[in-house]
1. Which lysines have a Cα less than 22 Å from the Cα of K39, not counting those fewer than 8 places away in the same chain?
2. Sorting check: for 46-56, 136-146, which peptide has the highest mean count of neighbouring beta carbons within 10 Å, and how do the rest follow?
Amino acid sequence: MPPTPQSPPLPQEYFIIPVGASSFKEAMQIGCECYHKLKGIIKKKFGGDATSVGDEGGFAPPCDAKEGCALVTQAIKDAGYDGKCKIGMDVAAAEFLVDGKYAIDNWYPEKEKDPSMKMGIAELTEFYKGLKKDFPDIETIEDPFDQDDWDGWTGAPPPCPASRPPPTASPPTPLPPRPQQ
C-alpha cells in the first residue's frame, strides 16, 4: 500500500549516527549493534527481502519516512543506545523530481499515482520540518532536494546541511616557512 500524502516520501536509505561514542572503536560497536537490531526489526516486520541495503550500505525498508524513522529509533532503543545515536536519511530527492514538483509517487504503478502526492518546495520543506519535530534525533537529511533546486536549498530547514549557517571560524593561521636544508 503506498504511503498517504501525510507521510511521504520513501528515503533511499536510513542510517544510524553514533554521536555519543567516546572513541571510534565504541562508535563502530554502537553502529554495528544498532544495525543488527534494525535488520532484525525490519526482517520481522517486512520479511527477509526487505533487509537488502542501498547503494551506500543503509537499509531502505518498504515504508514511509515516518515509519522508517520509528524503526531506526526502535533499533537504537532495543540496542540500549538511546541518547547516544542520531538518525540520518538519504532522501535522494533528485530521483523523484518531475516537471518542477517532487512526485513522491513516481515509483508507483500508473494506476496508483495520486496528484496530491506531488509536492512543491514549500510542501516538501514543511514535511521535513514536521519529520524533524516528530523525530528530534534526526541529525541529517542527505539530498533533500534536487542538486539544481537552488530555491529549495536556500530555504532548507534544519537538519538539511545547506540550511545551517556557515561556521564562524577565523581564517587559518599561515604556517611558518620551512627551513632550508
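1. K39 reaches K25, K66, K77, K84, K86.
2. Ranking, from highest mean packing down: 136-146, 46-56.
Here, each number is a calculation from the coordinates, and none is a lab measurement. All of these numbers come straight from a predicted model, not from anything done at the bench. Ideal geometry is used to build each Cβ from the backbone, glycine not excepted, and the neighbour counts take in all protein chains shown.
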